[in-house]
1. From the phi of every residue in region 203-217, what ³J(HN,Hα) in whole Hz does the Karplus formula 6.51 cos²θ - 1.76 cosθ + 1.60 yield, where θ is phi - 60° and glycine or proline is x?
2. Rounded to the nearest 5, what % of the DSSP beta bridges within region 477-623 are antiparallel ones?
3. Indicate the gyration tensor shape class of region 445-629 (rounded, prolate or oblate), computed on the Cα atoms with a ≥ b ≥ c the square roots of the eigenvalues: a/c under 1.5 is rounded; otherwise a/b larger than b/c is prolate and the rest oblate.
4. So who's got an amide H within less than 5 Å of the one on G624, skipping anything under 5 residues away but keeping other chains? H placed 1.01 Å off N, in plane.
5. Grab the Cα-Cα distance for L494 and K598, subtract it from 0.36 nm times how many residues apart they are, and report the gain in nm with one decimal.
6. How do S732, S821, S607 rank when sorted from fewest to most other Cβ atoms within 10 Å of their own Cβ?
7. How do T603, T357 line up, fewest other C-beta atoms within 10 Å first?
8. Multiplying the sequence separation of K484 and E823 by 0.36 nm and subtracting their Cα-Cα distance, what value in nm do you get?
Amino acid sequence: MASPAKKRKLNSDSKSSPASRNLDYFFGKQRQAVPSRLAKDAEQEVGGTVDSSTLTDEELARKLQAEWDQEAAGRSSADHESRNSGFGEGSNSTSVSAEVEKDPVEETALNGNVGEVNGSDRGSADVKPVLDSKSKNTLSLQATGSAEDTITSNIPFDESPLTFEPAKYIKDLQGHWAAEGGNASYALLTRCFVLVNSTQSRIKIVDTLVNLLRIIIEGDPNSLLPTVWLATNAISPPYISLELGLGGSAISKALKNVCGLDSKSLKALYDKVGDAGDVAFEAKKKQSFTLRKPKPLTIQGVYQSLVKIASTQGTGSGEIKQRIVDRLLQDARGPEESRYVVRTLCQHLRIGAVKTTMLIALSRAFLLSKPSGADFPVKTRTELAGLKKEALADVWSKAEEVVKACFAKRPNYNDLIPVLLEIGVCDELLVRCGLALHIPLRPMLGSITRDLSEMLTKLQGRDFSCEYKYDGQRAQVHCDSEGKVSIFSRHLELMTDKYPDLVAMIPKIRGDGVSSFIMEGEVVAVDQESGDLKTFQTLANRARKDVAIGSVRVNVCLFAFDLMYLNGEPLLDRPFRERRELLRSLFTEVPNQFTWVKSIDATSQDSETVLEFFKSATDVKCEGIMVKILDNLPNTKLTDEPDENPEIKESAPDPPARPSKGKKKANAKAKASEKEPEKKTRRKALLSTYEPDKRLDSWLKVKKDYSTTFDTLDLIPIAGWHGQGRKSKWWSPILLAVRNEETGSLEAVCKCISGFTDTFYKANKEFYEEGSEHVLGGKPSYVDYEGGHPDVWFEPQEVWEMAFADITLSPVYTAAIGLVSDERGLSLRFPRFLKKRDDKSIDEASTSEFLAGLWRKQEEKVPGAVKEVKDEAGVDEDVL
Ligand code: ATP
């Protein structure tokens, strides 16, 4: 993509561009006024590349203003009114007073190919806003740094939704939006991003989102869907492949093109702030005026631009994408809009408005607001404000449950939002927006247990099934009555093309009477002749895209473990025993290609049998076992309290009897606990239904690697130090972080030197080579770490599974700070690298909340057993 200087040059070649001029001359005055570095950059960039001309910068600017005024005259009266009231675009522009000449303005000056005027710093443009009455006679240049509209910036979005009144602002907002095309402005969204980013409080984050959504629902419902996509930093659900496909260079080019930065100053800025969005913020702050008239960004416009970027393919697509990116940055008003536009383009918004927060915010917003014309009931603020705390929590949580349940069965905002706008949050939503063929539901997940004893204790009194836990890839197979097959991954990506051999096999497994179904199983690499299981690594070697059936070298077998839908009917609410019966009786085995997971049924009394089964699983290279509740028996000991995160909230079970110590002990233990008076427990009754997107104790994982140790954590490597001695060529130790789901920041949790092979170290050093794109210039603003300076900061992008001895309180590491202690974070003792989790993105790394839950669990077991670590030296001693 041409730099602004080149573009001017191109334009200057055109016959019809009398306004083209020597930009050196053009920028001359500003440069004299403020000899800033940017001005020097601009000089470097543009010097001597364009024909000279006789127009002064003032004259050219007047011409532009004349054209803008002409356009403005043709605007709607609403527009006129709003500008009169000082809220129009003109009011956001700083001005340079001058008489307007009526000369026509060359198209070249307005077609987006005009270089930006750099020079005077924002602070120096100390001029008053222009009111409409004057604007016809006033020359306005867009002051990029100060263009945020005042209505938006004065809305108290972070107020409690119980006091916030959208109606108070909507009229003014709509007037303002009308001046800019009628749709909700991107400034509104940016304002909320800024507020969300400025707080650690989850309540404030949710409140801000709720209030934003309410304004949009009531003021511009058509912008709701794009708002939700942009706030969740996505443009489509995972199973629809719509990738932005922008390299980092597109953003750099745009920053150069739009803000007049040269490579050197861009690098210097990047090295200083470390995040592309923050670079855009700084660059825009320094950029004062632009001669191309910015078109205020709207939420819909930004979303459509992203979709356009993602859907543009083929020759010349790079240029087209670049132009859209440039345009977005040009039109962004002020540094904050630029920051969030760039973060959105980098797909790293860092506002912590993750899926769950958004679903909660949507459910609350639709309890209080509806679009004009909709007739579903909403609650009044006074109605809710009059409720007791528990009653209010109950109202919120019921609505949340409905919205979350819908999204778990049909995880696509394109389906959810239109129905919400029509009928609000009600039970019908579950019907209108339920399970459907060829749309993947979010999988049910298993809770991890330390060992078999813990599992047996947790499931006491229940019938359960123990299944081999195969080491392959989870697959959700959809087949409709026409025989069309879709296969989805654990993370809901479409992978039908990866497994043409499975697709071809499906007709063979469909027994008589099966028309449509959704089943789940583990795809495992196997020896075609013997059926012996192969490692996950073998499966990983299989090609991923557009695999031709004849080219398949790695044979796979699908080990089915669940059936969620059959012949047009969802089976999610049926007990597992029943679903499993249907799965086993209605489908046909195909040797070494399709079968059912190997399993035994047991109770906690059968510890010996379970132990033997566990051993047999690990003997054949399985990771361990999955244990699943079979029936929905009522369990009087357990309350039915909703429990989102049982791993964290559950009270610790009694120390379990080790299976190896024999049946007798386990039985004695079971008997003893029968006699004990009933303890009040917060555990949720275990269900045998299929609960999409939930990690409950009705599915437990018992893995061989960790059967004697603690849980593991999925951490993100964020920095490294030069190794010493033998390791001097590599990064060692490596700093790792957990993810703060609420703030989007990464919180350092430990340094690690253990578990790495030399080959690993070498590959790691090559990947995070200094100067490479995987390495940052400094500590990114979204990383929290108070310890000594690492030698290199990694671009966070990997997830590593880590084992550790225990969790300690730490004054150095900030992970989970505020969750277990206000002053101390958490760290790990003896962290050990286990493996890379290539199947996980950093958004799926362990959260600080999860870490805090593990710490609480540990403390409940042996309170105070792990001493607080006093300082970083102490941490290092322990950890390294
Ligand atoms: P999770 O998928 O629970 O978030 P994870 O990615 O760390 O966690 P694991 O701890 O390895 O995965 O365990 C869960 C995975 O085990 C399932 O997602 C599935 O792919 C696999 N699996 C293998 N055998 C079974 C089985 N019999 N039942 C359910 N899952 C199984």
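Readers should treat all values here as calculations from the given coordinates under stated rules, not as data from a laboratory. Quick caveat: nothing in here was measured; it's all calculated off a predicted structure. As a convention, Cβ positions derive from the backbone with ideal geometry for all residues, glycine included, and neighbour counts pool all protein chains shown.
1. Per-residue couplings from phi come out as 4, 5, 4, 5, 4, 4, 5, 4, 5, 4, 4, 5, 4, 5, 4 Hz.
2. Values: 21 of 24 bridges.
Percentage antiparallel, nearest 5: 90.
3. Details: a/c = 2.04, a/b = 1.35, b/c = 1.51.
Verdict is oblate for region 445-629.
4. Amide H neighbours of G624, under 5 Å, 5+ apart: K469, K704.
5. Working: separation 104, 0.36 × 104 = 37.44 nm, distance 2.67 nm.
Gain on extension, L494 to K598, equals 34.8 nm.
6. Values: S732 23, S821 16, S607 28.
Ranked by crowding around the Cβ, least crowded first: S821, S732, S607.
7. Working: T603 17, T357 20.
Starting with the residue having the fewest Cβ neighbours, the order is T603, T357.
8. Details: separation 339, 0.36 × 339 = 122.04 nm, distance 5.66 nm.
This chain segment gains 116.4 nm when fully extended.
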